[in-house]
Amino acid sequence: MKTKYLDKKNWRRIKHSDYEEILTKYDGQNVLIGCFYIKKVYHPLVINIVGEKVKVVDNNYKWITMMGEDENFSLTVMFDDNDQPLQYYFDINKSHTLELGHARREDMYLDVLALPDGRSEIVDEDDVIRALKQGKMTPEERDFAYKIAYDLENLIQFQFDKVVNRGKFMYQAIMERSQ
């Protein structure tokens with residue numbers, strides 16, 4: 001596993017950014033929501049999602065992430081400069097630390113990406129293979145990560161409105177706080 005902090009302080013692509021986070025409740029569980037405000041970039045980032053090129057980093061974009069204390073995934077919704085969702089990015093995690101100022105997660109390498117129209121894919125399987133070979137992940141942890149990923153794929157395929165509603169909740173919670 002690798003520990004990842006939500007604030008993305010040392011990302012070299014970013015010229016200027018801000019970050020804030022809140023603790024709240026969602027569906028009866030404690031959650032931490034963090035917003036990475038991308039003010040100015042050295043150069044945009046375009047990635048391939050489900051066969052489409054999508055710009056996910058540029059000036060005035062936002063990445064809003066929510067981690068639940070009882071979940072083994074975090075969701076980042078990436079918004080453009082008009083606050084329109086670009087993608088829903090699920091990180092599969094072994095654990096979360098919901099500590100203001102030190103929010104972090106134990107990343108299990110595997111991710112699930114979804115476009116706003118609900119098309120999705122599992123990505124970073126090469127990272128899982130590499131982690132297994134390097135002893136950073138056990139076969140049991142790999143199987144657990146894939147179970148979570150398949151569960152998320154089913155959620156996206158059959159109840160995508162729940163993903164969209166979670167994204168709306170995240171956006172509203174953090175925007176209310178910043179006003």
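The values are calculated or read from the model by the stated rules, or taken from the named source; none is laboratory data. Note that the structure is predicted; figures quoted are calculated from it, not measured. Note that we place each Cβ from the backbone using ideal geometry, even for glycine, and neighbour counts take in every protein chain shown. Only protein heavy atoms, including side chains, enter the accessible area calculation; ligands, DNA and RNA are left aside. Shrake-Rupley method; radii C 1.70, N 1.55, O 1.52, S 1.80 Å.
Between residue 2 and residue 132, the simple label model (points 7 Å from Cα in the Cβ direction) yields a spacing of 1.9 nm. For the range 53-127, the gyration tensor built on C-alpha atoms gives an oblate shape. Its axis ratio a/c (a ≥ b ≥ c) is at least 1.5, and a/b is not larger than b/c.
Counting only Cβ charges, +1 for Lys and Arg and -1 for Asp and Glu, the dipole size of the chain around its Cα centre is about 700 debye.
Once the Cβ-Cβ distance of residue 143 and residue 58 is raised to the sixth power relative to R0 = 25 Å, the FRET efficiency obtained is 0.10.
Taken one residue at a time, the phi angles of the range 53-69 give Karplus couplings (6.51, -1.76, 1.60, θ = phi - 60°) of 7, 10, 7, 10, 9, 6, 4, 6, 8, 10, 10, 10, 10, 10, 10, x, 5 Hz. Gly and Pro are set to x.
Using only side-chain charges placed at the Cβ, +1 for Lys and Arg and -1 for Asp and Glu, the dipole size of the range 126-179 relative to its Cα centre rounds to 160 debye.
With the convex hull constructed from alpha-carbon coordinates only, the chain shows a mean projected area of 10.0 nm² over all directions.
Quick one: grab the alpha carbon gyration tensor of the range 93-176, order the square roots of its eigenvalues as a ≥ b ≥ c, and give me rounded if a/c is under 1.5, else prolate or oblate depending on whether a/b is larger than b/c. The shape class here is oblate. Here the Karplus relation 6.51 cos²θ - 1.76 cosθ + 1.60, evaluated at θ = phi - 60°, turns the backbone of the range 89-103 into coupling constants of 10, 9, 9, 8, 10, 6, 7, 10, 10, 8, 10, 3, x, 9, 4 Hz, with x for every Gly and Pro. Taking the longest Cα principal axis of the chain as reference, the axis of helix 139-178 is set at about 10 degrees. Pairs of lysine residues in the range 1-98 that meet both criteria, 8 or more places apart or on different chains and Cα atoms under 19 Å apart, total 19. Close amide H contacts of residue 108 (hydrogens built in the peptide plane, cut-off under 5 Å, sequence separation of 5 or more or a different chain): 92, 93, 94. Between residue 125 and residue 175, the FRET efficiency estimated from the beta carbon spacing at R0 = 45 angstrom works out to 0.85. How high is the FRET efficiency between residue 161 and residue 29 when r is their beta carbon distance and R₀ equals 25 Å, given to the nearest 0.05? With a Förster radius of 25 Å, E is 0.80. Given a 1.4 angstrom probe, I'd like the percentage of the accessible area of the range 111-179 that is carbon and sulfur, rounded to a whole number. Result for the range 111-179: 48 percent of the exposed heavy-atom area is carbon or sulfur.
The residues 3, 97, sorted by heavy-atom accessible surface at 1.4 Å with ligands and nucleic acids left out, run 3, 97 from largest to smallest. Peptides 37-50, 102-115, 142-155 ordered by packing proxy, namely the average of other Cβ atoms within 10 Å per residue, highest first: 102-115, 142-155, 37-50. Candidates 100, 122, 30 compared by Cα position along the dipole of the chain: farthest toward the positive end lies 100, with charges placed on Cβ.
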